[in-house]
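Heads up, the thing below is written out as structure tokens.
FYI, it's all coordinate maths here, none of it is from the lab. Computed from a predicted structure; not experimentally measured. Note that each Cβ is placed from the backbone with ideal geometry, even for glycine, and that neighbours are counted across all protein chains shown.
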Amino acid sequence: MARETTAGDDGRAVGAAITARMRERRMSQQALAAASGVSVATLRELARGTSSRRAQDATLAAISRALGWPDDHLLTVLLGREPDEVPLPVLPVDQQILEVLLRIERSLATIGAQLIPPAERCDSVR
């Protein structure tokens, strides 16, 4: 979760869409969290639809993907527009897990690239 909501954002519609899709797919919040890489706490907050904070676009995209929707589906709902109903094929669980692991690996690589190598850290202290 991140920035303040803006006029026209429909958090309740996002919550209703997430809840309905989870029910339709018989998916728990824990399963959606694992498939999307989004915490259960964030999913609960979004499902309630009453938060004063707006989710990051990347968070909405990850949840959309995990629910078998195009990446922009929940963002479109949030903005009060009708999403295109072209469902993505449901990936097998092992493929979903692989995608989550690849996202984690990319995130770690990004973090690692931002770290200062130990040798440079010692030089800057002197």
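Can you order the peptides 44-53, 58-67, 19-28, 102-111 by their average number of other Cβ atoms within 10 Å per residue, highest first?
Those peptides, ordered most packed to least, come out 58-67, 44-53, 19-28, 102-111.
Once the convex hull of the alpha carbons of the range 3-89 is built, what does its volume come to per residue, in cubic angstrom?
Numbers: hull volume 6.9 nm³, N = 87.
Enclosed volume per residue, from the Cα hull, is 79 Å³.
For the range 56-78, the residues whose backbone nitrogen is under 18 Å from a point 7 Å from the Cα of Glu24, taken along Cα to Cβ, are 60-78. Measuring from label point to label point, each 7 Å out along Cα→Cβ, what is the Ala31 to Ser52 span in nm? Here the modelled spin labels are 3.6 nm apart.
How much FRET efficiency would the formula 1/(1 + (r/R0)^6) give for Gln95 and Ala41, where r is the Cβ-Cβ distance and R0 is 41 Å, rounded to 0.05?
On the way: r = 26 Å, r/R0 = 0.63.
About 0.95, to the nearest 0.05.
Report the FRET efficiency, 1/(1 + (r/R0)^6), for Leu79 and Arg106, where r is their Cβ-Cβ distance and R0 is 30 Å, rounded to 0.05. Please report the intermediate quantities before stating the final value.
Details: r = 27 Å, r/R0 = 0.90.
Efficiency, rounded to the nearest 0.05: 0.65.
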